[in-house]
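These notes are about the structure you will find just below.
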Amino acid sequence: MNHQSKAFIHNDFLLLNKTARHLYHEYASRQPILDFHCHLPVKDIADDRRFNNLAEIWLEGDHYKWRAMRANGVPERYCMGDASPYDKFMAWARTVPYTLRNPLYHWTHLELKRYFDIDDLLDETTGPAIWDRTSAALQHDQLTAHGILRRFDVKAVCTSDDPTDSLEEHKKIARSGLATKVYPTFRPDKALQTADVPAFNAWVDRLGASANVEIARLDDYLEALRQRHGHFHANGCRLSDHGLNYCYATFATENEAHSTFAKLRSGHSVSDSEADHFGGYMMLFFGRLDAKKGWTKQLHLGAYRNVNLTMLQSHGRDTGFDSIGDWRHAERLGAYLGHLEHEGSLPKMILYNVNPSDNYVFATMIGNFQDGTVPGKIQFGSGWWFLDQKEAMEWQLNALSNTGLLSRFIGMATDSRSFMSYPRHEYFRRVLCNLIGADVENGLLPDNEGLIARLITDLCFTNAADYFALPLGKVDKSMLAPLTKD
Amino acid sequence: MNHQSKAFIHNDFLLLNKTARHLYHEYASRQPILDFHCHLPVKDIADDRRFNNLAEIWLEGDHYKWRAMRANGVPERYCMGDASPYDKFMAWARTVPYTLRNPLYHWTHLELKRYFDIDDLLDETTGPAIWDRTSAALQHDQLTAHGILRRFDVKAVCTSDDPTDSLEEHKKIARSGLATKVYPTFRPDKALQTADVPAFNAWVDRLGASANVEIARLDDYLEALRQRHGHFHANGCRLSDHGLNYCYATFATENEAHSTFAKLRSGHSVSDSEADHFGGYMMLFFGRLDAKKGWTKQLHLGAYRNVNLTMLQSHGRDTGFDSIGDWRHAERLGAYLGHLEHEGSLPKMILYNVNPSDNYVFATMIGNFQDGTVPGKIQFGSGWWFLDQKEAMEWQLNALSNTGLLSRFIGMATDSRSFMSYPRHEYFRRVLCNLIGADVENGLLPDNEGLIARLITDLCFTNAADYFALPLGKVDKSMLAPLTKD
Amino acid sequence: MNHQSKAFIHNDFLLLNKTARHLYHEYASRQPILDFHCHLPVKDIADDRRFNNLAEIWLEGDHYKWRAMRANGVPERYCMGDASPYDKFMAWARTVPYTLRNPLYHWTHLELKRYFDIDDLLDETTGPAIWDRTSAALQHDQLTAHGILRRFDVKAVCTSDDPTDSLEEHKKIARSGLATKVYPTFRPDKALQTADVPAFNAWVDRLGASANVEIARLDDYLEALRQRHGHFHANGCRLSDHGLNYCYATFATENEAHSTFAKLRSGHSVSDSEADHFGGYMMLFFGRLDAKKGWTKQLHLGAYRNVNLTMLQSHGRDTGFDSIGDWRHAERLGAYLGHLEHEGSLPKMILYNVNPSDNYVFATMIGNFQDGTVPGKIQFGSGWWFLDQKEAMEWQLNALSNTGLLSRFIGMATDSRSFMSYPRHEYFRRVLCNLIGADVENGLLPDNEGLIARLITDLCFTNAADYFALPLGKVDKSMLAPLTKD
C-alpha cells in the first residue's frame, strides 16, 4: 500500500476488466444525457445561476451530506445551522474521510475531478486550498447552471413541479435559447395528502387560483387538475410523478369520493380509510389523465419519510431524516396497475423502489402488464435514493436482467437537487460497463461487439430517448469540454 | 471484443475456474438425472410424441417466452394468438437478442446446442436456417419424447397430476418398457380452492366419480381423497405437491370443517376465514396421508398468480401474468409444520420459495423440524420459477449452506412443461461446480478431492436417489449420446 | 485437486488479496478484543473453569452444533441426550464433513488450530486422536477460562445477566486480579414477558427480593428495577440488552400501565394489546434509565424462537429450534426510537438484525437518530446469530457502508456461550480485511495506507473502546501466546 494516494478518480475508475474499459470509453462515455427525472431548482436554470463557492452548490440543500455529518458527530449548526459557509464546508471536509465506502466518497471526488480537475482527497488538510480553488473556478461561465448543462451534454431536463406552478420559469428558459430542453414534471402529491386538512384546503385554493376554477365540489377539483395537466402538457411536460409510501389499492366510488372531498372542503378531517380510498380514487384519475395524453407515470415507492418528529418540527421535510420502509407492495401494485389496465387506461409507467428486498417483487410485477404495444412499457426504475450506489445499481440491473428484459431498460435517473450531480450518469455507466464487461469476459454474454455495444448505448441514452420521445436539445458538440481525457 | 461470436456454449460454459472444470467434467456431468418434479404432459410421454418444429416444442406452452415477447413489444397474436407456427418462431427469434442476461438467453442457446448441435446465436437473421435445421432434426428418434429422456439419462420423472386423474397414461408408460420410470405426483390444489363454489363442486364430483364414492359429507370427501392417494401410491407415486400463496396456519376443528364443506356442497359460498380454516384443515389431512405412506410433501409458496385480470379472463392461467408475492411466511410455516410435528405426522417435506428475500426464512425454518430420523428430512428446495437462474441458484445454495447442511440437499428440480428443459440440470451443475470450485481455490473449502467430489455427486444425484428411494430406470448406457464432447 | 488436504487454516485463510494480507497481519491481528456482548457463564470465569474434554467446552451448550447434527440424521441422544461425552463428540465428528460451507466448518477448524494447533480435518477417522490430544491440552493453564481470556488478549467481557442476579460472581472476578475486566449487562427480558402470568409473578418476586422492595404496585416494580439498574451500574455495567421479536411501538399511558400491572400481580392474564402496550411502556422506562446513566442499549430483533413446540416442551429454550422471523420493523423502530428521541431520552443504541432482508431498513433507520453528539451514536450491530458468517458479515458491512458511516462502526460482537468462540473476532477481521483489501485493489478505496489502516484498527477495537468508554484490563503482553505465527 501507499502512503501517498495517486489519482483516485482516473480514466478507468470502476472499470475492472478490459472489456468494460472498451465499452465505457468507446460507447458509454460518448452518449449524451437525458435527465428525465431530477429536482433541480428551475429558477437556478432560468437565472443561469452562478455559485459563489462549494458550500452553495454542494451543501445548501444536500440532506445526504447533512445526514453523514450528523452520524459523524458534527453539531447541527454546521449542517443546517448558522455556521458560516466556509465553516460548514470544513465540517464537511473533516467528515469526508469517514465516508469511505459510502457513495458520498465516490461522488465527492468524482465531482471535484469533473468540475474542477482536482485530484486531492478532500479532508481537513486539503479543504482550505480546495475551497479557494473551487470558489475561483465557479466564477467561470463553464460552471454556471447553463455552463454545467452544456458541459455534460444534457439534451433535456425534466424537473419536478407542483400542479399549481405557473411554469413561468420554464417558459423563460424555453425563450432563452438554452440548448438543453427543460420540461416540467407533474407531481401532484399534495392532491391526496389529506391528513392536514387546513394545508390540504390551502393547496386546493392555490390550485383553483392557478386554474382559474372555483373549487367547491369534487368535479371542480378534477376539472382544475385536468386543466393544470393540460397546461403542463402545453409546456412540454410528458411525465408525472408520485411519491408514496406504497401504492393505493382501494378505490373510492364516485359517491364516496365526492363525500370525502366535501367533508375535507368543509374543514372536517376524514378517517384513515376514507383518506385511503380517496387517495386510490385520485391515483386512478391521474392514471387516466396520463394514459389519455400518452405520458409516462412515475411512482416512487417505499421511502419511510420524516421518521424523526423533533427534526421534522424544527427543520422541515427533506432534511436527512428519512429511511427505508418495509411495506408490502405486491398486491397493492397489482391492484392499482390491474385496475387501470382493466379499464384500458394504463399509461407507460416507471416503478422506483427504495428497499432492495423488494427488487424482485418490482422486477416481476412489471412483466404482468407488458402489453406488446411499447417495448418495456412498464419499467422498473434505476436504483433510487439509498440505492443510488454501485452495489444497489448492480442489484437493480441484475434483478431486471434475471426476470425481465434489461435490453429495454431506460436507464439512469439523476434524481438530484444539485447541479453537481451530473457525474452520477458517468458513475452509472461505469458500473454498467463493468458489469457487462465482466459477463462478456466470463462467457455469460456472447463476445459480440455489435450486440453488446447496442445494449450499452441503449441503456445510456437511446432507450430513454425512444421511450419518452421528448424533443431534445441540439447541443453544439464543439462547445463540449471533454469529461474525461480519453 | 469480437464482431463475430465464437461458440457461446462451449465445454467450459459457466465454469470459471480450473477446479470447477475438473469437478464438472469428472463428476457432475456423469451423473444421471432424477427428475423428481416437472410438469411434462404425461400423454406426450405415453405417445412418444414426435414434434414437428421448434414452435411446437418451444412455444406451445412456454409462458416465460410469451412474457418476454410481450415485454419486447411483440403483439399478442405472435404469443398466444393465431399467427402461424413459423411466424411465432420468428417473433421469438427477433426477441432473443433482447433477452441478454435473462436465463432465456442461456437456455435458448444451451438447448439449441444440446438438442441440435447448433452454435449460431438465434436472431432474426439466423432464425430461418435454424427453423429448417431443427424441423428436420426433430424427426429423428433421438428427439422424440422417449429419445430425449434416454439421451439425457433420466432415471425417473415425477409428473404433476390431479387426484382425479385416472393415471391411465402412467400405466401405459409403465407397460411400454421405457427405461425411464415415470411416476405421478399427487397435486390436490383444487381440493381447497373454494372461492369458486360451482368449480369446486364440479371438481368434487369428478373426484367422487374417480374414487367411486358418492360425496355428500366431509367424511365422504376425505374417504375419496384417501382412496385416490392410495391409487396414486399403487402407481408408484411417492410425492405430493401444493401450490399456495402461503402456508395455511389456522385449522378448522372437525365440526367447523364439516359445516364449511356442507355449506359448499349445498352451493353456498363461505367466508374468507371459513375458507382459510378449511384449507388449513385439508392441509393437515394431506400431511397425515403423506406421513403415513412415507411420501414427500412439496410446498410451492409465494407466487402471486394471475395478476392481470384482463388476460386471465381472455387467456386463462399460466399464460405469463404471474409474479412474486411478498407475503410473510415464517409464522405460517411454523404453525403448519409445528402442528404436524406435534401430532407425530410430519412427512418429509420440500419447501420451495419464489421470493429471494425469503430465502433465509425458509433456510432456517427447515432446521426447526429436522428430527434426526432422515438426513435432511425437511428440505429447502432449489431456486424455483423466477429464481431458476444462475444468480438465484447461487443465493439458494448459499442461504442453505450458511444456515444448514448443503451436503444433504437433494438438488435441482426441472419444474418445466417442456421436453427441451433437461439441460437445466446441466446448467445447475455448472453453477454448482463453479461455486464450489471457487470456494476450493479461495481456500474456503479444503482442497480435498474425496470430500468435494462426494459433495458434488451427492447434490447432482445421490442425495435425491437416497431421499426419495424411488425405483429407478436402468438406462442402457451404450445408447446414451454424449451431452458434451468431453 | 488434492487427495490429501494441506493445512486448511493457514496464515492467509480468507485473505484473498495482497492488501488484505497486509492489513490483517500488520493491523487487524494486533488489536486486542473488546468482547462487549457475549453469553459466557460468569461462574466459569469466576471459577477459572478447567474443561475435561471437547465435549464439555464444545457441545455442552452449543445449539448450533445440535441443530446441525439433527439435520444430519443424528438421533437426539447424541445431541442433548444421555450418550457419553465421547460418543457425542464422535457423533459431532461424523457430522463435521457434512457441514461444508456452513460457518461451523470454518469455526471448528479455526478453533482446533488456535486452541490446539491441530491441522487435521475433523471427521470420523481423525476424531479419536483429536479427542485424546485436546483432552490432554485442556488440562494446561493456557486453556482454562482465564488462560483463554489472556491468550486472546480480551480487554473486557460484558456478560448477559438477569436484573435479579446478585452479581456475586462478577464481584469475585473483580477481586481476583484477572487482567480481563468482566462487566455485567442488564438484560430484563423477563420484565415484559407477561404471557405466562405465574412465571412473571415469580420473577417479579425474585426481583423484589433482590432489590429488597416489596412489589405490589407498578411504582414498586419500577423502583426495584431502578435499584437493580443502579446496582449493575455500581458493578461496572454500561450496557443493557433486550431480545424481542420486534420493537414495541405502542406505549401504555401511566394509568393503563398501572392497571395492567395490577391485573398481572393479582394473577390475571392480560390481553395481547394490554401486554403489547405494557411492553412498550417498560421499554420506554428502560430507555430512560439507560439514557440517564449514559449506557448503551442493545436490541436483538427478529429471531423467531421456539418454533418446535414439542422440543420446547421436552428440551426447553435455546436448544436449536429457533429461526429467522419476517416481521416488519421499520415503523416499529421509528416509533420507539422516535418516542425516546422526542422526549430527550434516547441513549446510545445498537440494533442487531437477524434477517438479512431487513439490513437496509436497519442500516438506514440508524441515520434518522444520529444527533451529532456522539459519532455513530445509533449503531447497526454486526451480523447476528444466523448472520454471523462470512457472507452475512459482508452484507452487514456493505449495507452500513452504502447507507451510513462504516468508519464509525463498533465492530464484532462475540455473542457466544462458549470459551472456544474467541476466534470469531479473527474470523471477522479476516473478512473485513479481505473486503477492504479488495476495494483498495479495485480502486474503490484510495490506496492510502494511513486512511485504510485507521479504518481497520477503528473497526477492530478503537471505535468500540471509544464508544463504550469502559475501563479496560491491562493484559501483560509478554504473556500472550501468538495467535498466528506471523
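The values are calculated or read from the model by the stated rules, or taken from the named source; none is laboratory data. These numbers were taken from a predicted model, which means no experiment stands behind them. Neighbour counts are summed over all protein chains in view; Cβ atoms, including those assigned to glycine, are modelled from backbone coordinates with ideal geometry. The area values use the complete protein model at the heavy-atom level, side chains included, leaving out ligands, DNA and RNA. Shrake-Rupley method; radii C 1.70, N 1.55, O 1.52, S 1.80 Å.
The one condition from (1) assigned to a helix (DSSP H, G or I); (2) over 18 Å from C:Leu387 (Cα atoms); (3) open to solvent by 10 Å² or more (accessible area, probe 1.4 Å) that C:Asp447 does not meet is (1). In the range A:25-43, the residues that are in the same structural domain as A:Leu239 (by TED's automatic domain parsing) form no Cβ pair under 9 Å with any partner that is charged (D, E, K, R), whether six or more places apart or across chains.
With respect to the conditions (1) out of contact with any Leu (no Cβ under 9 Å at 6 or more places or on another chain); (2) within 21 Å of B:Ser135 (Cα to Cα), B:Arg67 falls short on a single one, namely (2). Quick check on the range C:148-158. Is at least one of its residues at pLDDT 95 or above and more than 25 Å from C:Asp48 (Cβ to Cβ)? No, that holds for no residue.
Residues are listed down the side, and each one gets a yes or a no for (1) more than 14 Å from chain C (Cβ to nearest Cβ); (2) free of Cβ contacts under 8 Å to residues at least 40 places away in the same chain; (3) touching a strand residue (DSSP E or B) at 6+ places or on another chain (Cβ under 7 Å); (4) assigned to a helix (DSSP H, G or I):
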| position | (1), (2), (3), (4) |
| --- | --- |
| A:Ala291 | yes, no, no, yes |
| A:Asn306 | no, yes, no, no |
| A:Leu312 | no, yes, no, yes |
| A:Arg328 | no, no, no, no |
| A:Tyr336 | yes, no, no, yes |
| A:His339 | yes, no, no, yes |
| A:Leu351 | yes, no, yes, no |
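Evaluate the following for A:Lys172: is it open to solvent by 20 Å² or more (accessible area, probe 1.4 Å) and under 22 Å from the mean Cα position of the chain (by Cα)? No.
Among the residues of the range B:316-333, those that are crowded, with 22+ Cβ neighbours inside 10 Å and within 18 Å of A:Ala335 (Cα to Cα) comprise B:Gly320, B:Phe321, B:Asp322, B:Ser323, B:Ile324, B:Gly325, B:Asp326.
Restricted to helices (runs of 4 or more DSSP H) entirely inside the range C:153-249, those with at least 3 residues that are of a type in the set (A, V, I, L, M) and more than 25 Å from C:Arg417 (Cα to Cα) are C:197-211, C:218-234. Only one entry of A:Glu124, A:Glu111, A:Glu56, A:Glu76 meets the criterion of being more than 12 Å from chain C (Cβ to nearest Cβ), farther than 18 Å from A:Ile9 by Cβ, modelled with pLDDT of 95 or more and within 28 Å of the chain's Cα centre (by Cα), and that entry is A:Glu56. If you check C:Leu239, C:Leu207, C:Leu225, C:Leu244 for being out of contact with any Leu (no Cβ under 8 Å at 6 or more places or on another chain) and open to solvent by less than 70 Å² (accessible area, probe 1.4 Å), only one passes: C:Leu239. Within the range A:269-287, the residues that satisfy the criterion of being open to solvent by 20 Å² or more (accessible area, probe 1.4 Å) and either part of a helix (DSSP H, G or I) or not assigned by TED's automatic domain parsing to the domain that holds A:Ser345 (or both) are A:Asp272, A:Ser273, A:Glu274, A:Ala275, A:Asp276, A:His277. Screening A:Ala91 with (1) more than 11 Å from every other protein chain (Cβ to nearest Cβ); (2) open to solvent by less than 20 Å² (accessible area, probe 1.4 Å) gives one miss only, at (1). Pairing residues of the range B:124-146 that are open to solvent by 20 Å² or more (accessible area, probe 1.4 Å) with residues that are part of a loop (DSSP other than H, G, I, E, B) and among the polar types (S, T, N, Q), at Cβ distances under 9 Å and at least 6 apart in sequence or on separate chains, gives B:Trp131/B:Asn53; B:Ser135/B:Asn52; B:Ser135/B:Asn53; B:Gln139/B:Asn52; B:His146/B:Thr180. Do we have any residue at all in the range A:395-418 that's of a type in the set (Asp, Glu), modelled with pLDDT of 95 or more and surrounded by fewer than 24 Cβ atoms within 10 Å (Cβ to Cβ)? Looking through the range A:395-418, none of the residues is of a type in the set (Asp, Glu), modelled with pLDDT of 95 or more and surrounded by fewer than 24 Cβ atoms within 10 Å (Cβ to Cβ). Per the conditions (1) open to solvent by 20 Å² or more (accessible area, probe 1.4 Å); (2) within 23 Å of the chain's Cα centre (by Cα), the sole criterion not satisfied by A:Pro188 is (1).
The residues listed here are B:Ser210, B:Ser266, B:Ser240; of these, the one that is over 30 Å from B:Val157 (Cα atoms) and either in the same structural domain as B:Leu346 (by TED's automatic domain parsing) or among the β-branched types (Val, Ile, Thr) (or both) is B:Ser266.
Within the group A:Arg50, A:Arg30, A:Arg67, which residue is within 14 Å of chain C (Cβ to nearest Cβ) and either over 24 Å from the mean Cα position of the chain (by Cα) or at pLDDT 95 or above (or both)? Being within 14 Å of chain C (Cβ to nearest Cβ) and either over 24 Å from the mean Cα position of the chain (by Cα) or at pLDDT 95 or above (or both) holds for just one of A:Arg50, A:Arg30, A:Arg67, which is A:Arg67. Report yes if A:Leu455 is outside any loop (DSSP other than H, G, I, E, B), within 13 Å of another protein chain (Cβ to nearest Cβ), open to solvent by less than 10 Å² (accessible area, probe 1.4 Å) and not charged (D, E, K, R), otherwise no. In short, yes. The residue that is farthest from the other protein chains (Cβ to nearest Cβ), counting only those in the range A:405-430 that are under 11 Å from A:Ala28 (Cα atoms) and under 18 Å from the mean Cα position of the chain (by Cα), is A:His425. In the range B:210-222, which residues are without any contact (Cβ under 8 Å) to a residue 24 or more places away in the chain and surrounded by 15 or more Cβ atoms within 10 Å (Cβ to Cβ)? Residues satisfying the conditions are B:Ala211, B:Val213, B:Asp220. For the range A:11-27, which positions are under 25 Å from the mean Cα position of the chain (by Cα) and open to solvent by 50 Å² or more (accessible area, probe 1.4 Å)? Once the filter is applied, which keeps residues that are under 25 Å from the mean Cα position of the chain (by Cα) and open to solvent by 50 Å² or more (accessible area, probe 1.4 Å), the range A:11-27 yields only A:Tyr27. Elements of the type helices (runs of 4 or more DSSP H) sitting completely within the range B:8-83 and holding at least 1 residues that are in contact with a Cys (Cβ under 9 Å, 6 or more places away or on another chain) and closer than 30 Å to A:Asp371 by Cα: these cover B:63-71.
Note on the range C:360-381: among residues that are among the hydrophobic types (A, V, I, L, M, F, W, C) and part of a strand (DSSP E or B), the one that is nearest to the other protein chains (Cβ to nearest Cβ) is C:Ile378.
The selection criterion, being among the β-branched types (Val, Ile, Thr) and more than 22 Å from A:Phe285 (Cα to Cα), does not hold for A:Thr164.
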